[in-house]
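Have a look at the structure below before the remarks.
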Amino acid sequence: MDHSLKFTRAGLIKMTIFFFFFICSHIPSSSFAAVQDFCVADYTAPSGPAGYSCKRPETVTVNDFVYSGLGVSGNTSNLFRVGDIPAYADQVPGLNGLGISMARVDIAPGGVVPLHIHRGATEVFLVVQGTLVAGFISSDRNTVYITTIKSGDIMVFPQGLLHFQVNIGATRVVGFASYSSQSPGLQILDYALFQGNFPTRLIARTTFLDILEIRKLKFIFGGTN
Ligand SMILES: *[C@@H]1O[C@H](CO)[C@@H](O)[C@H](O)[C@H]1NC(C)=O
């Protein structure tokens, strides 16, 4: 019995060491967690590709890790009828460097989150109210993975892929998105094409849309050129 106990302990230690090195070797190179507990954003100092600089630990408080902005809907009085409240490192300093963040998304009846990409993050979207059709498009075969989700469902949107959500119910959709980045980024396809200064003729050449349709959409979205 004593022997088997020793064996178990030794085995446990070996396993612990193995898993320690296994886990260490899988920490992304951007993670700082191995050398410090946290890196609360110092919004006044320079930021770089890895995020904000760290506040001096003695100036950090619990409030750096708390955010109360997701209790109310964002303003849905817009073309898409969508209110989006981000809780990224820009809003929650304690998220800086940790590679995760959240957002609240409200979609009024008739509303749509149009085709968009998060440059830096996979998204998991939890529906807490309402019914929507959601989907994403694979980049290798352009397969559309599309389904109806409702309260209590989650859906995964893999990093970098175009995706959308459409409210198909009579009630407001309320959902919460989690992202595998402190700053997931958001590029909306309609805005990229029709809200900026992309010249109409080049949009026509590069998308095969006709000029009149592009002019109409630029009028709607406020684009120039
Ligand atoms: C919501 O947005 C609309 C359009 O920008 C604006 O007119 C309205 O005042 C906003 N409502 C609130 C409560 O901020």
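If only one of Leu79, Leu161, Leu193 is under 30 Å from Arg205 (Cα atoms) and open to solvent by 60 Å² or more (accessible area, probe 1.4 Å), which one is it?
Details: Leu161 fails: open to solvent by 60 Å² or more (accessible area, probe 1.4 Å); Leu193 fails: open to solvent by 60 Å² or more (accessible area, probe 1.4 Å).
Result of the check over Leu79, Leu161, Leu193: Leu79.
So is Gly185 surrounded by fewer than 16 Cβ atoms within 10 Å (Cβ to Cβ), of a type in the set (Gly, Ala, Ser) and in a loop (DSSP other than H, G, I, E, B) or not?
On the way: surrounded by fewer than 16 Cβ atoms within 10 Å (Cβ to Cβ): yes; of a type in the set (Gly, Ala, Ser): yes; in a loop (DSSP other than H, G, I, E, B): yes.
Considered against the rule, which asks whether it is surrounded by fewer than 16 Cβ atoms within 10 Å (Cβ to Cβ), of a type in the set (Gly, Ala, Ser) and in a loop (DSSP other than H, G, I, E, B), Gly185 comes out as yes.
Which one of the conditions (1) more than 16 Å from the ligand (Cβ to nearest atom); (2) open to solvent by 30 Å² or more (accessible area, probe 1.4 Å); (3) not in a loop (DSSP other than H, G, I, E, B) does Asp84 fail to meet, given that it meets all the rest?
(1)
Return yes when Ser151 is within 16 Å of the ligand (Cβ to nearest atom) and open to solvent by 10 Å² or more (accessible area, probe 1.4 Å) and no when it is not.
Values: within 16 Å of the ligand (Cβ to nearest atom): no; open to solvent by 10 Å² or more (accessible area, probe 1.4 Å): yes.
Answer is no for this residue.
Can you pull out the residues in segment 137-169 that are among the charged types (D, E, K, R) and outside any loop (DSSP other than H, G, I, E, B)? Let's see the steps before the verdict.
Here is the first cut: in segment 137-169, the residues among the charged types (D, E, K, R) are 140-141, 150, 153.
Result: Lys150, single match.
Which ones in segment 55-75 are within 16 Å of the ligand (Cβ to nearest atom) and without any contact (Cβ under 8 Å) to a residue 40 or more places away in the chain?
Pass one, segment 55-75, residues within 16 Å of the ligand (Cβ to nearest atom): 69, 71-75.
Across segment 55-75, the qualifying residues are Gly69, Gly71, Val72, Gly74, Asn75.
Any chance you could count how many residues in segment 62-81 are assigned to a loop (DSSP other than H, G, I, E, B) and not charged (D, E, K, R)? I'd like the intermediate steps shown before the answer.
Of all residues in segment 62-81, those assigned to a loop (DSSP other than H, G, I, E, B) come to 66-68, 72-81.
When the remaining residues are screened for being not charged (D, E, K, R), the result is 66-68, 72-80.
Final tally of qualifying residues: 12.
Just to check your reading of the model, which residue among Leu79, Leu115 is closer than 17 Å to Leu189 by Cα, within 16 Å of the ligand (Cβ to nearest atom), in contact (Cβ under 8 Å) with a residue 24 or more places away in the chain and touching a helix residue (DSSP H, G or I) at 6+ places or on another chain (Cβ under 9 Å)? Give the steps one after another, and end with the answer.
Details: Leu115 fails: within 16 Å of the ligand (Cβ to nearest atom).
Only one candidate qualifies: Leu79.
Picking from Leu217, Leu212, Leu126, which residue would you name as being touching a Phe, Trp or Tyr at 6+ places or on another chain (Cβ under 6 Å) and in a helix (DSSP H, G or I)? Give the steps one after another, and end with the answer.
Working: Leu212 fails: touching a Phe, Trp or Tyr at 6+ places or on another chain (Cβ under 6 Å); Leu126 fails: in a helix (DSSP H, G or I).
Of Leu217, Leu212, Leu126, the one residue that is touching a Phe, Trp or Tyr at 6+ places or on another chain (Cβ under 6 Å) and in a helix (DSSP H, G or I) is Leu217.
The values are calculated or read from the model by the stated rules, or taken from the named source; none is laboratory data. In this text the structure is predicted, and so the values were computed from the model without any measurement. With ideal geometry, Cβ positions are generated from the backbone for all residues, glycine too; neighbour counts draw on all protein chains shown. Ligands, DNA and RNA are excluded from the accessible area calculation, which covers all protein heavy atoms including side chains. Shrake-Rupley method; radii C 1.70, N 1.55, O 1.52, S 1.80 Å.
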